[in-house]
Amino acid sequence: MIGPDKDPVKIDARLRRELTTMGEDIRVCEEVGYDGAWNTESGTDPFLGLTLAAEHSSRIEIGPSVAIAFARTPMTIAYPAWDLQRFSGGRLVLGLGSQIRPHISRRFSMAWSRPAARMREFVMALRAIWHTWDTGERLTHRGEFYDHTLMTPEFTPSPNRYGPPQVFLAAVGPHMLRTTAEVADGLFVHSFCTDRYIREVILPEAARHRPEGMAPLQIAHSPFVALDERDREAVRKQISFYGSTPAYKPVLDLHGWGELQPELNALSKQGRWDDMTSLIPDEILDAMCAFGTSQQVAATLRGRFDGIVHRMRFNRPGDIPPPQRFAGVVDALRAD
């Protein structure tokens, strides 16, 4: 597969979240030939696992996809990211996401307001902190959401020979897409997406707001894939869950499926998860999921995403399979 810049698309793996499997998974990723490997903040802390991933690998890029920014402050993200960038030899890609208000306010007990503006400042504050650590200049970030003005020598890490990590943001709606285009190095496209939505909504929105002189925004997508019927039904279930979220309704609207979202949302509030799954027709499933043999999946991905994404990670919802599960897809994509 070829990306928008005519270079080969980077193929990434999804790491299982248990610390006991992290070393094995990352070694397999390098053996199979993945370019990157991501874990996620889902029932575990992402930075602990990435420390193990960095220790047991030598070339592969690693990162969280994503760490929840608003559960922390820029300073509490800056330290582990700086350490991992140094420890991995410059292989960290820092993926951040906002989550949604109930999780931030009720699960993490943190402030929530104006998420796109808050995320924009979060990234700017991160970079101000890293700049201070790299140059020794005074820390003087003052903003609407975050103030960072104290950095004494005892708490200042040494300069990082590899520089700061790249920052990727997760975004779906227009406000967060604009923020991503303005301040981030890359965009994590949500799995609840289609190639049409990327072409008609995401890419034009990013192009409108990318500042002149910045490097092109890197597009990283995690399309759903299914190698058998069990995978396929796991994807259907996940689509029903994501489809119940109001923030993801624009994807459905673009295809004329928007009336499904409030119905799914109502069922989710009643805990009727099985009923939600049965509402997802094959039309929606097939538009969001590549299904078949490794060769068929690779052909579908190539046809949909050639020339529009820079990175791709296979997403099989539910129990995360070990990275060798998709070795055949990696080989098929490399064969073109």
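The values are calculated or read from the model by the stated rules, or taken from the named source; none is laboratory data. Only a predicted model underlies this, so the values are computations on that prediction, with no experimental measurement involved. Counting neighbours? That spans all protein chains shown, and the Cβs are built from the backbone with ideal geometry, glycine included.
Which of the residues that make up region 70-87 are of a type outside the set (Lys, Arg), touching a Ser or Thr at 6+ places or on another chain (Cβ under 9 Å) and in contact (Cβ under 8 Å) with a residue 40 or more places away in the chain?
Listed by number, the residues that qualify are 70, 83, 84.
Hey, any hits in region 70-80 for a residue that's in contact with a strand residue (DSSP E or B) (Cβ under 6 Å, 6 or more places away or on another chain), crowded, with 23+ Cβ neighbours inside 10 Å and of a type in the set (A, V, I, L, M)?
No, because not a single residue in region 70-80 is in contact with a strand residue (DSSP E or B) (Cβ under 6 Å, 6 or more places away or on another chain), crowded, with 23+ Cβ neighbours inside 10 Å and of a type in the set (A, V, I, L, M).
Just one of the numbered conditions (1) surrounded by 22 or more Cβ atoms within 10 Å (Cβ to Cβ); (2) not in a helix (DSSP H, G or I) is not true of residue 202; which one?
Just one mismatch for residue 202, condition (2).
Looking at (1) touching an Asp or Glu at 6+ places or on another chain (Cβ under 9 Å); (2) surrounded by fewer than 20 Cβ atoms within 10 Å (Cβ to Cβ), which is the only condition residue 218 fails?
(2)
Kindly provide the set of residues from region 297-318 that are touching a helix residue (DSSP H, G or I) at 6+ places or on another chain (Cβ under 9 Å) and free of Cβ contacts under 8 Å to residues at least 12 places away in the same chain, ordered by number.
303
Cβ-Cβ distance below 7 Å, separation of 6 or more or different chains: which pairs start in region 110-134 with a residue that is outside the structural domain of residue 187 (by TED's automatic domain parsing) and end on one that is modelled with pLDDT under 95 and in a helix (DSSP H, G or I)?
Close Cβ pairs satisfying both conditions: none exist.
So residue 280 ticks every box in (1) modelled with pLDDT under 95; (2) among the β-branched types (Val, Ile, Thr); (3) not in a helix (DSSP H, G or I) but one. Which box is left unticked?
In the conditions (1) modelled with pLDDT under 95; (2) among the β-branched types (Val, Ile, Thr); (3) not in a helix (DSSP H, G or I), residue 280 misses (1) alone.
Can you tell me which residue in region 253-282 is surrounded by the most Cβ atoms within 10 Å (Cβ to Cβ), limited to those that are within 19 Å of residue 174 (Cα to Cα) and without any contact (Cβ under 8 Å) to a residue 24 or more places away in the chain?
261
On the given criteria, is residue 78 outside any loop (DSSP other than H, G, I, E, B), of a type in the set (Gly, Ala, Ser) and farther than 28 Å from residue 116 by Cα? Please lay out each step first, then the result.
On the way: outside any loop (DSSP other than H, G, I, E, B): yes; of a type in the set (Gly, Ala, Ser): yes; farther than 28 Å from residue 116 by Cα: no.
It is false that residue 78 is outside any loop (DSSP other than H, G, I, E, B), of a type in the set (Gly, Ala, Ser) and farther than 28 Å from residue 116 by Cα.
Does residue 301 satisfy the criteria of being over 19 Å from the mean Cα position of the chain (by Cα) and either assigned to a strand (DSSP E or B) or of a type in the set (A, V, I, L, M) (or both)?
Values: over 19 Å from the mean Cα position of the chain (by Cα): no; either assigned to a strand (DSSP E or B) or of a type in the set (A, V, I, L, M) (or both): yes.
Here the answer is no, as residue 301 does not meet what is asked.
Out of 309, 251, I need the residue that is assigned by TED's automatic domain parsing to the domain that holds residue 194, among the aliphatic types (A, V, I, L, M) and within 23 Å of residue 95 (Cα to Cα). Which one?
The unique qualifying residue is 309.
Considering only residues that are part of a strand (DSSP E or B) and hydrophobic (A, V, I, L, M, F, W, C), look in region 215-235 and name the one that is nearest to residue 36 (Cα to Cα).
My answer is 220.
Being under 14 Å from residue 329 (Cα atoms) and not acidic (Asp, Glu) is the filter; apply it to region 15-37 and report the residue that is nearest to the chain's Cα centre (by Cα).
34
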